[in-house]
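Reading through the structure tokens given below for one structure.
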């Protein structure tokens, strides 16, 4: 039997070894997700703008240049946008743990995945044997049924971490965990996932042996409101699965 960690998988290898197919367009599950229309109230908009500004300052290296002028940035949703002058002379850059603690965690709290029937689990081990392969690893965040351990995962979020001396495939890492969950779940349901590369969010919808990946959404731009709506959509979908 062969063994491989989540972080060592590439999506093309998953396709070949396990018979999965990537759809590049017209994938109904992802199309429905991308068209999420969940409402956002004024309090949530205010909090999202606050998180957005923090993210903007802390996910790019601009360097300390004494004569660098402030730049104009747009904050807001849809046509309601405000121009704000932001000085990026000396930005602070979050490491992986800081990004999770300072941005991703507050964002998940705002979505509110708390429920008597499911909750967020973090840094949990997953493994399964599929087609004579043992897939195993630790996943950043999963929304699942269960009290002490995930029992029926519904949604995965993974912050991409580059391994030393090599480039990893963030889609492969996410898919590996999702197909482990797919093979262990009590009920056969669609699975939703997202991988994060600094300020960029990519959404993945998986059904049976077919999946599709969104274009990147930039959390420092108006895309953040769509990202939030898509997380809310997942929560509503999970509530539907529970019923």
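The values are calculated or read from the model by the stated rules, or taken from the named source; none is laboratory data. Everything numeric in this text was worked out from a predicted model, so none of it was measured. Cβ: placed from backbone, ideal geometry, glycine included. Neighbour counts: every protein chain shown.
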Any hit, segment 173-195, residues being over 24 Å from residue 20 (Cα atoms), in a loop (DSSP other than H, G, I, E, B) and at pLDDT below 95: no
Selection status of residue 223, in contact with a strand residue (DSSP E or B) (Cβ under 6 Å, 6 or more places away or on another chain), free of Cβ contacts under 8 Å to residues at least 40 places away in the same chain and either farther than 20 Å from residue 10 by Cα or surrounded by fewer than 19 Cβ atoms within 10 Å (Cβ to Cβ) (or both): yes
Yes/no for residue 167 being within 26 Å of residue 102 (Cβ to Cβ), assigned to a loop (DSSP other than H, G, I, E, B) and touching a strand residue (DSSP E or B) at 6+ places or on another chain (Cβ under 8 Å): no
Only listed residue being free of Cβ contacts under 8 Å to residues at least 60 places away in the same chain and either farther than 15 Å from residue 158 by Cβ or in contact with a strand residue (DSSP E or B) (Cβ under 6 Å, 6 or more places away or on another chain) (or both), chosen from 228, 203, 195: 195
Failed item, numbered, when residue 93 is tested on (1) closer than 20 Å to residue 199 by Cβ; (2) out of contact with any helix residue (DSSP H, G or I) (no Cβ under 8 Å at 6 or more places or on another chain); (3) modelled with pLDDT of 50 or more: (2)
Residue match in segment 81-88 (condition: at pLDDT 50 or above, surrounded by 10 or more Cβ atoms within 10 Å (Cβ to Cβ) and over 19 Å from residue 226 (Cβ atoms)): no
Test: residue in segment 160-178 that is without any contact (Cβ under 8 Å) to a residue 60 or more places away in the chain and either touching a helix residue (DSSP H, G or I) at 6+ places or on another chain (Cβ under 6 Å) or more than 24 Å from residue 94 (Cβ to Cβ) (or both): yes
Filter result (outside any loop (DSSP other than H, G, I, E, B) and touching a strand residue (DSSP E or B) at 6+ places or on another chain (Cβ under 7 Å)) within segment 105-118: 108
